[in-house]
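One structure is given here, and the rest of the page talks about it.
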Amino acid sequence: MPTLSAQQYATYFKRLLQFGHSGNNGTPTIMASIQAGDGVPTAISLSDDVLQVKPQNDDSVGAFTTKSSGGSNILAVDTTNSKVLAGASQVSVNTFYQTFSANKLVPVAGEHMVLSAVPTAHFGTALAEISLGDGTDPATTYDMSTGNLAVNLPNSIFRLPHNVTLDSASVLFAVSSADDETINFHIMSYAIDTDNGGTSGDLSSGVVVADSSTQTTDRTSIDYLALTIQSADVDAGRVLIGTIESTSTEEVSANMILTYHIR
């Protein structure tokens, strides 16, 4: 450990810290950088009321950290990815969860059926059979006048009030058929018309934000699938919709959990 004992000032002054203002004014009332003795600033600025950490040259995943005695991060400010991480798991402090689910939904074989975004909305009554097409992915547009189904869709739409980044998605699901059937899932992001006119609610500019591989299953099991995030950042005002596609018309139940954080 370097010591200042019996050292000449010229040999150690660069190791000292000082307020980055001129004169002999002591603690400043406005922000001043903390500098080395040679005037090179650190990441810290101080005043009598405020502490600030701001990298001088490079952002990092640990611009500010609080660690356990064993060296593990308990709190970390990640200026590279604009995150604040906390706890032993280092999860973003503004992490949230959204579910998309269905209880004994009767799908149209080969079509992307819309899931509920409200966990209890479909219990006691059947979830409306609404399809987003039979393409490889769900359709990128939807006209609310289709089949007069608009009244069935609000509980399936999750509208984002803030810019978010999707972190992960997974699903547990089961089918009622004893025969093997193939299942896959999507989460779509859409722009939604909110003008309250004749086209209000129409969906456009659809983007696949997460999807799964296909899984063959039968009624003897509850299966699990992890979805792959394809387009993580979704802006405020857009909506998210979860879908399921099955090769069968037998009943299927699903519970999908999406993890995201506010940007």
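The values are calculated or read from the model by the stated rules, or taken from the named source; none is laboratory data. Treat the numbers as computed from the prediction; the structure is a model and nothing was measured. When we count neighbours, we look across all protein chains shown, and the Cβ atoms used for this are built from the backbone with ideal geometry, even at glycine.
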Determine if the range 158-181 includes at least one residue that is within 24 Å of residue 95 (Cα to Cα) and free of Cβ contacts under 8 Å to residues at least 40 places away in the same chain.
no
Can you confirm whether residue 27 is touching a residue at least 12 places away in the same chain (Cβ under 8 Å) and exposed (fewer than 12 other Cβ atoms within 10 Å of the Cβ)?
yes
Let me confirm something: among 92, 101, which residue is out of contact with any helix residue (DSSP H, G or I) (no Cβ under 6 Å at 6 or more places or on another chain), closer than 30 Å to residue 180 by Cβ and surrounded by 13 or more Cβ atoms within 10 Å (Cβ to Cβ)?
101
Where the second residue is of a type in the set (Ser, Thr, Tyr) and in a loop (DSSP other than H, G, I, E, B) and the first is under 15 Å from residue 91 (Cβ atoms) and lies in the range 56-68, which pairs have Cβ atoms under 6 Å and are six or more apart or on separate chains?
61/80
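Every residue in the range 1-51 that is charged (D, E, K, R) and in contact with a helix residue (DSSP H, G or I) (Cβ under 6 Å, 6 or more places away or on another chain), please.
In the first step, residues of the range 1-51 are kept if they are charged (D, E, K, R); the result is 14-15, 38, 48-49.
If the condition is that a residue be charged (D, E, K, R) and in contact with a helix residue (DSSP H, G or I) (Cβ under 6 Å, 6 or more places away or on another chain), then 38 is the only one that fits.
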What number of residues within the range 191-221 are in contact with a strand residue (DSSP E or B) (Cβ under 8 Å, 6 or more places away or on another chain) and farther than 23 Å from residue 158 by Cβ?
8
Any hit, the range 150-165, residues being at pLDDT below 90, of a type in the set (Gly, Ala, Ser) and over 20 Å from residue 260 (Cβ atoms):
yes
Those strands (runs of 3 or more DSSP E) completely within the range 78-171 that have 3 or more residues that are among the polar types (S, T, N, Q) and in the same structural domain as residue 191 (by TED's automatic domain parsing) are 95-105
If we keep only residues of the range 220-263 that are charged (D, E, K, R) and surrounded by 15 or more Cβ atoms within 10 Å (Cβ to Cβ), then the residue nearest to the chain's Cα centre (by Cα) is 263
Qualifying positions in the range 69-103 - farther than 27 Å from residue 189 by Cβ and in contact (Cβ under 8 Å) with a residue 12 or more places away in the chain:
72, 73, 74, 76, 77, 86, 87, 88
Subset of the range 18-55, residues closer than 29 Å to residue 78 by Cβ, in contact with a Ser or Thr (Cβ under 7 Å, 6 or more places away or on another chain) and in a loop (DSSP other than H, G, I, E, B), comes to 20, 28, 30, 31, 47, 48, 54, 55
Of everything in the range 2-17 that's under 22 Å from residue 43 (Cβ atoms) and outside any helix (DSSP H, G or I), which residue is nearest to the chain's Cα centre (by Cα)?
17
